[in-house]
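Q: I'd like to ask some things about the structure below.
The values are calculated or read from the model by the stated rules, or taken from the named source; none is laboratory data. Remember, predicted model here, so these are calculated numbers, not experimental data. Cβ placement follows ideal geometry from the backbone for every residue including glycine, while neighbour counts extend to all protein chains displayed.
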Amino acid sequence: MERTVTNNLQKEAWKQLDAPEMIDRPNLDTYVFCNVLDEAGVIVNNYLGLNLSEEAQEDGGARQQHFAKDSHIFVRYRAVRDLVTEGKVELLM
């Protein structure tokens, strides 16, 4: 690989590998199965894809949902990505 590819790349090609369009990002709107490892705190309902009442929509969807430790949830990744990073929630495959 080194002889056939890496040694033959021009310096400009190396710089392009760090371009934003070359870096994959997760689809934040994909639904994922999760296991709550700790008191996960608060997840805002409008991230969960729930139908909010007109009253909740008017205040920005500020209703909140708490999840107990050891519960399993099915939510959009956007709702739990910070909790996954903090180690409070784990993604199930």
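Q: Looking at the range 38-49 only, could you name the residues that are in a loop (DSSP other than H, G, I, E, B) and either hydrophobic (A, V, I, L, M, F, W, C) or modelled with pLDDT under 75 (or both)?
A: Result: A40, G41, G49.
Q: Of all residues in the range 14-37, which are exposed (fewer than 10 other Cβ atoms within 10 Å of the Cβ) and either aromatic (F, W, Y) or assigned to a helix (DSSP H, G or I) (or both)?
A: K15, P20, E21, M22
Q: Within the range 50-57, is there a residue that is outside any loop (DSSP other than H, G, I, E, B) and either at pLDDT 75 or above or under 11 Å from the mean Cα position of the chain (by Cα) (or both)? Outline the logic, then answer.
A: Kept after step one, since they are outside any loop (DSSP other than H, G, I, E, B), are these residues of the range 50-57: 54-57.
From what's left, either at pLDDT 75 or above or under 11 Å from the mean Cα position of the chain (by Cα) (or both): none.
Looking through the range 50-57, none of the residues is outside any loop (DSSP other than H, G, I, E, B) and either at pLDDT 75 or above or under 11 Å from the mean Cα position of the chain (by Cα) (or both).
Q: Among residues belonging to the range 67-93 that are in a loop (DSSP other than H, G, I, E, B) and either on the phi < 0 side of the Ramachandran plot or polar (S, T, N, Q) (or both), point out the one that is surrounded by the fewest Cβ atoms within 10 Å (Cβ to Cβ).
A: Per the criteria, the residue is M93.
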